[in-house]
Amino acid sequence: MDTQFLVSLSIILATFALYIGIAIYNKAKVTSDFYVAGRGIPPIFNGMAIGADWMSAASFIGMAGTIMLLGYDGLAYIMGWTGGYLLLTFLLAPQLRKYGRYTVPEFIGDRFDSHTARVIAAICTIMISFTYSVGQLSGSGVVIGRLFEIDAKLGTMIGVVLIAFYAAFGGMKGITWTQVAQYVILIIAYIIPVIFMSLQITGNPAPWLSYGEIVGKMGELDRELGISEYFAPFTNGTKWQFLALMFTLMAGTAGLPHVIVRFYTVSTMKAARWSGAWALLFIGLLYLSAPAYAAFSRFILMTKVAGSKITELPGWTKSWVDTGKLQVADSNGDGILQWSELIISNDIVVMATPEIANLGLFVIGLVAAGAMAAALSTAGGLMIAISSAFAHDIFYRVLKPNSTEKTRLSVARWSIVVATLLAGLIALNPPGAITQIVAWAFALATGTFFPALVLGVWWKRSNSQGVIAGLLVGLGVTLSYIFAAKYGGFTILGIIDTGAGVFGAAAAFIANIVVSLMTAAPSQKIQDEVMDLRYPEQMVYKNGEVWINDDESKSV
């Protein structure tokens with residue numbers, strides 16, 4: 001048992017003990033604690049929890065690797081995932097908080113006064129969150145697999161057991177405070193290695209300022225090797241794919257049910273807006289570091305690993321080859337590892353970088369703990385979204401409205417356990433890379449919830465028939481395009497499966513608007529409720545007038 005293993009294991013076990021301790025201390029005792037943390041989370045801590053919820057295994061583990069392999073084209077992930085928070089913070093989050101429900105399906109069911117719409121929205125929530133969670137569990141398998149030097153599949157099942165326990169036990173209240181701790185751990189774990197690498201390669205401790213010169217040097221290396229330049233745009237896909245992916249990730253962010261529910265955990269509309277502002281700051285710390293991470297990792301691999309003798313490769317390569325995520329093969333038999341002979345999965349770049357750069361045992365262990373924090377924090381939020389969609393929106397609001405609080409909590413906890421196990425089984429043999437699987441979840445959210453929520457909040461004429469048509473058409477078009485592009489080779493303008501949301505959203509908006517206009521308008525009460533969402537909480541919209549404190553009014 002080597003020293004590195006013991007150091008990494010000690011750090012990870014210490015963080016696990018912290019998460020479980022927080023979950024036990026903040027155990028959910030009533031349904032409002034389980035679903036919305038009693039609506040008592042301060043905005044700055046909610047911003048941290050949103051950051052942890054958001055910066056999943058795809059962000060922590062996969063994004064720098066995706067940028068390293070795709071270069072310029074990988075920037076669509078960063079621009080889409082951050083731009084979506086602006087959409088959500090200004091376009092939807094405060095209004096949804098004012099409506100005062102627990103979940104997105106509950107908002108849709110009550111706003112459109114339709115159990116059918118509620119059930120369809122709940123099914124969409126489960127599909128989106130389930131797809132997303134497969135990516136997270138696959139990520140936890142990469143981390144645990146490397147730590148124990150076992151197959152990543154066994155690592156995935158260990159992650160399943162951990163997530164099922166603390167998500168089912170603490171509910172949203174426990175998960176929120178666990179995510180605050182996980183954010184602190186993951187951001188420290190992400191930034192320390194990139195600062196060390198910057199010092200090592202450029203002598204400058206600010207990677208955000210120094211990595212530009214490394215990108216320039218890589219351009220020269222690329223030309224020498226005769227490969228497409230790292231910063232040349234649209235070499236891995238068309239301009240339309242870049243734009244479609246960026247829109248899909250942006251609109252998907254604004255429609256992801258496990259992200260939206262975080263804005264329900266604060267007390268007011270103002271607090272919801274501030275939560276979004278803090279979240280952007282906390283997320284930006286990681287996202288601004290990812291391109292630097294990618295550039296430094298690629299530079300070290302190109303200059304210190306490629307060109308080495310096969311018999312003299314660094315010790316870290318064997319450990320990663322054992323996980324199945326790295327392949328080295330002397331294809332031309334010259335005894336030298338060429339750049340083209342090094343096949344590295346984008347899911348291991350961040351995890352392997354401390355070893356690639358020889359940053360020391362503590363940093364390697366810290367990154368492993370950060371990666372686990374990223375995978376666990378998002379998976380916990382996703383499981384709450386799945387649980388609330390089934391236990392609250394389907395079981396309680398539709399099937400058993402007279403069930404007791406104890407029964408509802410029990411159903412919620414068991415649904416988390418079952419969902420985690422099912423997602424874990426699929427994650428054993430994931431259908432794509434982590435960032436690709438996550439992009440599918442965003443495409444589904446873009447094609448279903450984004451149009452439904454935008455029209456539900458900002459167009460009072462949208463009715464139940466319209467939203468049902470929009471959800472079903474958007475879901476059908478998005479799923480059809482994903483399958484046709486991935487397995488059938490079908491594309492429009494070069495847009496592949498990860499950009500499918502752009503077609504789903506367009507179809508859903510058209511279906512919702514056309515069907516709503518062809519059928520009866522919603523009741524006046526519902527239209528007044530929609531207008532009311534646009535005003536601050538101290539104002540109430542009634543009969544064409546805005547009332548302040550219910551005692552004086554002014555005409556709209």
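The values are calculated or read from the model by the stated rules, or taken from the named source; none is laboratory data. All values reported here derive from a predicted model rather than from experimental measurement. Every residue, glycine as well, gets a Cβ built from its backbone with ideal geometry; the counts of neighbours run over all protein chains shown.
Given GLY456, GLY474, which one is crowded, with 24+ Cβ neighbours inside 10 Å, under 23 Å from LEU92 (Cβ atoms) and touching a Lys or Arg at 6+ places or on another chain (Cβ under 8 Å)? It would help to see each step written out before you state the result.
Working: GLY474 fails: touching a Lys or Arg at 6+ places or on another chain (Cβ under 8 Å).
Step by step, each of GLY456, GLY474 is checked, and only GLY456 is crowded, with 24+ Cβ neighbours inside 10 Å, under 23 Å from LEU92 (Cβ atoms) and touching a Lys or Arg at 6+ places or on another chain (Cβ under 8 Å).
Please give the helices (runs of 4 or more DSSP H) falling wholly within the range 232-297 in which 2 or more residues are farther than 29 Å from ALA121 by Cβ and at pLDDT below 85.
Those helices (runs of 4 or more DSSP H) span 269-287.
Given (1) crowded, with 24+ Cβ neighbours inside 10 Å; (2) farther than 30 Å from ILE187 by Cα; (3) among the polar types (S, T, N, Q), identify the lone condition not met by ASN402.
Result: ASN402 passes all but (1).
Among the residues of the range 170-177, are any surrounded by 20 or more Cβ atoms within 10 Å (Cβ to Cβ), among the basic types (Lys, Arg) and either modelled with pLDDT of 80 or more or closer than 30 Å to GLY424 by Cβ (or both)?
Yes, the range 170-177 has at least one match.
Looking at the range 93-116, which of the residues that are hydrophobic (A, V, I, L, M, F, W, C) and within 15 Å of GLU529 (Cβ to Cβ) is surrounded by the most Cβ atoms within 10 Å (Cβ to Cβ)?
Among those residues, the one meeting the criterion is ILE108.
Could you give me the residue pairs with C-beta distances under 6 Å whose first residue belongs to the range 351-376 and is closer than 12 Å to ILE185 by Cα, whose second residue is at pLDDT below 75 and among the charged types (D, E, K, R) wherever it lies, and which are 6+ apart or on separate chains?
The qualifying pairs do not exist here.
Yes or no: the range 187-203 includes at least one residue that is outside any helix (DSSP H, G or I) and without any contact (Cβ under 8 Å) to a residue 40 or more places away in the chain. Break it down stepwise before answering.
Filtering the range 187-203 down to residues outside any helix (DSSP H, G or I) leaves 203.
Among the residues that remain, those that are also without any contact (Cβ under 8 Å) to a residue 40 or more places away in the chain are: 203.
Looking for residues that are outside any helix (DSSP H, G or I) and without any contact (Cβ under 8 Å) to a residue 40 or more places away in the chain, one finds at least one in the range 187-203, hence yes.
Inside the range 64-149, counting only helices (runs of 4 or more DSSP H) that do not spill past its ends, which hold 2 or more residues that are under 30 Å from LEU326 (Cβ atoms) and aromatic (Phe, Trp, Tyr)? Step through it out loud before you land on a result.
Details: elements: 64-70, 75-87, 93-99, 104-111, 115-148.
Qualifying helices (runs of 4 or more DSSP H): 75-87, 115-148.
Tell me, please, whether a residue that is closer than 25 Å to ILE191 by Cβ, in contact with a Lys or Arg (Cβ under 8 Å, 6 or more places away or on another chain), at pLDDT below 70 and surrounded by 14 or more Cβ atoms within 10 Å (Cβ to Cβ) can be found in the range 329-347.
yes
This table checks each residue for (1) out of contact with any Ser or Thr (no Cβ under 6 Å at 6 or more places or on another chain); (2) not in a loop (DSSP other than H, G, I, E, B); (3) not charged (D, E, K, R).
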{"residue": "THR498", "(1), (2), (3)": "yes, yes, yes"}
{"residue": "ALA505", "(1), (2), (3)": "no, yes, yes"}
{"residue": "PHE509", "(1), (2), (3)": "yes, yes, yes"}
{"residue": "PRO522", "(1), (2), (3)": "yes, no, yes"}
{"residue": "LYS525", "(1), (2), (3)": "yes, yes, no"}
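Take PHE449 and tell me if it is surrounded by 21 or more Cβ atoms within 10 Å (Cβ to Cβ) and at pLDDT 75 or above.
Yes: the conditions hold for PHE449.
Please identify the pairs in which a residue from the range 76-87 that is over 14 Å from THR446 (Cα atoms) and surrounded by fewer than 21 Cβ atoms within 10 Å (Cβ to Cβ) has its Cβ atom under 8 Å from the Cβ atom of a residue that is at pLDDT below 80 and of a type in the set (Asp, Glu), counting only partners at least 6 apart or on another chain.
none
State all residues of the range 424-479 that are of a type outside the set (D, E, K, R) and part of a loop (DSSP other than H, G, I, E, B); if no residue qualifies, say none.
LEU428, ASN429, PRO430, PRO431, GLY432, ALA433, TRP459, SER462, ASN463
Pull out all pairs, ordered by first then second residue, where Cβ-Cβ is under 7 Å, the residues are six or more apart or on different chains, the first lies in the range 271-293 and is buried (at least 20 other Cβ atoms within 10 Å of the Cβ), and the second is at pLDDT below 80 and of a type in the set (Gly, Ala, Ser).
ALA272/ALA93; GLY276/ALA93; LEU286/SER59; ALA290/ALA64; TYR293/ALA64
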